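Rule-based calculations on the coordinates, nothing more; no lab input. All values reported here derive from a predicted model rather than from experimental measurement. Cβ placement follows ideal geometry from the backbone for every residue including glycine, while neighbour counts extend to all protein chains displayed.
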Amino acid sequence: QVQLVESGGGLVQAGGSLNLSCKASGGIFRIIAMGWYRQAPGKQREMVATITPGGSTNYADSVQGRFTISRDNARNTMYLQMNSLKPEDTAVYYCNADSINLRFGWGQGTQVTVSL
């Protein structure tokens, strides 16, 4: 059973930066595509960015050019560097497998709050 632990969220002013981390237990992490997702109050969970085991990335249009996803397979850890944050980036951020067929149980997520 793979467990996912997200960290690094916080309160930041618009224009600021945060770096999120996702630590996964289990070796399967290093052989599957992973992604960051977010859920704002009253909205559905949405994909933010994904990354393959080899490092190919994909981003939602809303974060393209501002966020950078990366991973360290040796440490079973994935990161999300978030720059130029906007109030609309406020949400709980989660990590999980990219493929819906490989999804693990959702972790608690990490809260990101961006103030004006």
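At-a-glance table
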quantity: Modelled FRET efficiency - R0 22 Å, residue 32 with residue 88, Cβ distances, 0.05 increments; calculated: 0.15
quantity: Computed Rg/Rh of segment 19-79, alpha carbon atoms with Kirkwood Rh; calculated: 0.98
quantity: Over the chain - Rg/Rh using Cα atoms and the Kirkwood inverse-distance radius; calculated: 0.94
quantity: Unit charges on C-beta of K, R, D, E only; dipole of the chain, Debye; calculated: 180
quantity: Trypsin sites (Lys or Arg not before Pro) lying in DSSP loop within segment 1-97, provided at most 13 other Cβ fall within 10 Å; calculated: 43
quantity: Estimated distance in nm for a label pair at residue 14 and residue 108, the labels positioned 7 Å out from Cα along Cα-to-Cβ; calculated: 3.1
quantity: Cα-based equivalent ellipsoid of segment 56-99: semi-axis lengths in Å, sorted from largest, via gyration tensor; calculated: 20, 12, 11
